[in-house]
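In what follows, a single structure is set out as structure tokens and then discussed.
The values are calculated or read from the model by the stated rules, or taken from the named source; none is laboratory data. Given the structure is predicted, the values throughout are model-derived calculations rather than measurements. Ideal geometry is used to build each Cβ from the backbone, glycine not excepted, and the neighbour counts take in all protein chains shown.
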Amino acid sequence: MAVEGTAHCTALQQQLHALGASAGFEDPQWTDPTAPHASTDSEGQRWRGQARQKNNDACIDLFDLLYGAWDEELPEKVRTPWDGKMLEVQKAVRECHGDLAKFTSLVTVGSDIIGLFPILDCFYTFLPIVRGRFELLEELAFEFCRERKKHNIIYTEVRYSPFEFLPQGEDGQIADTSKAADAVKAVCAGLRKGQAEFGVMVQQILCCIAAQPAWSAQTMALAEEFRNEGVVGVDIAAGEMHFEDGALHDAHRDAMAMAQKKGLGITVHAAEAGPGDNVCRAMDVYGATRIGHGYRSVGMQAYDYARSKGVHFELCPTSSVSTQAIELEKADGSLQWKTHPISRFFLDGTSCSINSDDPAVFRSSLTDELVICVKEMCLSLENMQWMTLEALEHAFHLESGVKDTIAEKVKGFYEQTLN
């Protein structure tokens, strides 16, 4: 059983993880032993053999489930908000000729796609497929719950930007931003049906997008409006340029201030691609109690400051390497995972959790991430249990009775696994 605090769940991809990642909160998703990074040693096999359990998947976006849902209505080009680049989406999708393998390669991360913003391009190639299609969005939210049940997950926080589900012109502008409420309604409706059908619990985090400050106030307002539908927090995702850019910063700061006033949970992506000091800014300026990633703060005063305040770090092994947040040493062609700062978080007893960020985009499940931790980083199952309980403790607005029940199930699973 596990609880995963993911930092990168920007939009819903198991779109709702195409509107998947990285990684507020996301829990281990136990998958097929033949999946990438599957362990072949006895410890890894034991881990996977015991892993069909109740999990807490806190922050999975919903992109995976949308493969094959596209048609000829795609826009010819899409502008990326961080650099204004035009992506030839229609041409790229049509050149797949209906081949799912080619389409998967187009919208997921392979060895040829490295770096945060090239990876975000995958999202903006995929997003036009679902924009404005609220019935599809509702269906995807329902299917997201089915997938959680399939993986024996009992609690998750899924994050997404409702504005990313709205049709945009080639200039990146949305004609009617009021339709964002319809996107949230669609997700809520699908999740409500899915929770009833499959017996899972799903709460939501709405994401502000770093390069889209005009959406932030409305995002916060939507989070407040839909609290009774399970929206428990807000995030700032898709880059860290807002920490330094005054025009971006002010709008996000004001939105987070309102979120604090309303008592919403706040998690912010920081010190992933940006400097370690961004962790301090996320805490002191935006009021974050959870940090998405935070690797570059390790060894700095910002890290010690966050530890002293009990801030929770949402760590994502695979994405941290793919985005080049961390550049690991190689030996005999293999990544030296033991040098990853994630080990430091555990050794220091810093509150943290392991997450898959965006499983579909990174082609890596939470099970794969945990196997990396156990097999490659040599962390123990006791470490995994501690991480799971830390993620649960830092879940946003989870009732104490529900939290206690989940904690007992987690402890029971690990007691059985360890004995």
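Going through the stretch 354-390 one residue at a time, which ones are in contact with a Gly (Cβ under 7 Å, 6 or more places away or on another chain), buried (at least 23 other Cβ atoms within 10 Å of the Cβ) and under 17 Å from W337 (Cα atoms)?
Across the stretch 354-390, the qualifying residues are N355, V371.
Go through the stretch 125-168 and give me each residue that's modelled with pLDDT under 85 and within 20 Å of A92 (Cα to Cα).
F126, I129
Which residues, taken from the stretch 185-212, are surrounded by fewer than 23 Cβ atoms within 10 Å (Cβ to Cβ), in a loop (DSSP other than H, G, I, E, B) and among the aliphatic types (A, V, I, L, M)?
Result: A211, single match.
Going by the structure shown, is L100 touching a Phe, Trp or Tyr at 6+ places or on another chain (Cβ under 9 Å) and surrounded by fewer than 17 Cβ atoms within 10 Å (Cβ to Cβ)? Talk me through it step by step, then tell me what you get.
Details: touching a Phe, Trp or Tyr at 6+ places or on another chain (Cβ under 9 Å): yes; surrounded by fewer than 17 Cβ atoms within 10 Å (Cβ to Cβ): yes.
Spelling it out, L100 is indeed touching a Phe, Trp or Tyr at 6+ places or on another chain (Cβ under 9 Å) and surrounded by fewer than 17 Cβ atoms within 10 Å (Cβ to Cβ).
I'm told V321 meets every condition in (1) buried (at least 22 other Cβ atoms within 10 Å of the Cβ); (2) among the hydrophobic types (A, V, I, L, M, F, W, C); (3) touching a strand residue (DSSP E or B) at 6+ places or on another chain (Cβ under 7 Å) except one. Can you identify the failing condition by its number?
Failing condition for V321: (1).
What pairs come up if the first residue lies in the stretch 347-358 and is closer than 14 Å to Y295 by Cβ and assigned to a helix (DSSP H, G or I), the second is at pLDDT 90 or above and of a type in the set (V, I, T), and their beta carbons are under 9 Å apart, counting only those six or more places apart or on different chains?
Going by the 9 Å Cβ cut-off, the qualifying pairs are D348/V298.
Those residues that are buried (at least 24 other Cβ atoms within 10 Å of the Cβ) and β-branched (V, I, T), I need them from the stretch 284-301; list them, please.
Across the stretch 284-301, the qualifying residue is only I291.
Quick test of your reading of the structure: E157 fulfils all but one of (1) out of contact with any helix residue (DSSP H, G or I) (no Cβ under 9 Å at 6 or more places or on another chain); (2) within 14 Å of D358 (Cβ to Cβ); (3) of a type outside the set (S, T, N, Q). Name the failing condition by number.
(2)
Select, from C145, C122, the only residue that is touching a Lys or Arg at 6+ places or on another chain (Cβ under 9 Å) and crowded, with 21+ Cβ neighbours inside 10 Å. Give the derivation first.
Working: C122 fails: touching a Lys or Arg at 6+ places or on another chain (Cβ under 9 Å).
Criteria check complete, one pass: C145.
Just to be sure before I move on: is E135 within 22 Å of T405 (Cα to Cα), of a type in the set (D, E) and out of contact with any Asp or Glu (no Cβ under 7 Å at 6 or more places or on another chain) in the structure I sent? Write out each step before concluding.
Numbers: within 22 Å of T405 (Cα to Cα): no; of a type in the set (D, E): yes; out of contact with any Asp or Glu (no Cβ under 7 Å at 6 or more places or on another chain): yes.
Answer is no for this residue.
A quick yes/no check of all residues on (1) under 21 Å from D357 (Cα atoms); (2) of a type in the set (K, R); (3) outside any loop (DSSP other than H, G, I, E, B):
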{"position": "T367", "(1), (2), (3)": "yes, no, yes"}
{"position": "L370", "(1), (2), (3)": "yes, no, yes"}
{"position": "L379", "(1), (2), (3)": "yes, no, no"}
{"position": "T388", "(1), (2), (3)": "yes, no, yes"}
{"position": "K403", "(1), (2), (3)": "no, yes, yes"}
{"position": "I406", "(1), (2), (3)": "no, no, yes"}
{"position": "G412", "(1), (2), (3)": "no, no, yes"}
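Among (1) modelled with pLDDT of 95 or more; (2) within 24 Å of D112 (Cα to Cα); (3) assigned to a loop (DSSP other than H, G, I, E, B), which single condition is S320 missing?
(3) is the only condition that S320 fails.
Restricting attention to the stretch 213-238, report how many residues are part of a loop (DSSP other than H, G, I, E, B) and at pLDDT 95 or above. Can you show your working first?
Here is the first cut: in the stretch 213-238, the ones part of a loop (DSSP other than H, G, I, E, B) are 226, 230, 238.
After this cut, where a residue has to be at pLDDT 95 or above as well, the list is 226, 230.
Selection size over the stretch 213-238: 2.
Okay, residues lined up against (1) surrounded by fewer than 24 Cβ atoms within 10 Å (Cβ to Cβ); (2) outside any loop (DSSP other than H, G, I, E, B); (3) aromatic (F, W, Y); (4) at pLDDT 95 or above:
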| residue | (1), (2), (3), (4) |
| --- | --- |
| L248 | yes, yes, no, yes |
| D254 | yes, yes, no, yes |
| P275 | yes, no, no, yes |
| A282 | no, yes, no, yes |
| Y303 | no, yes, yes, yes |
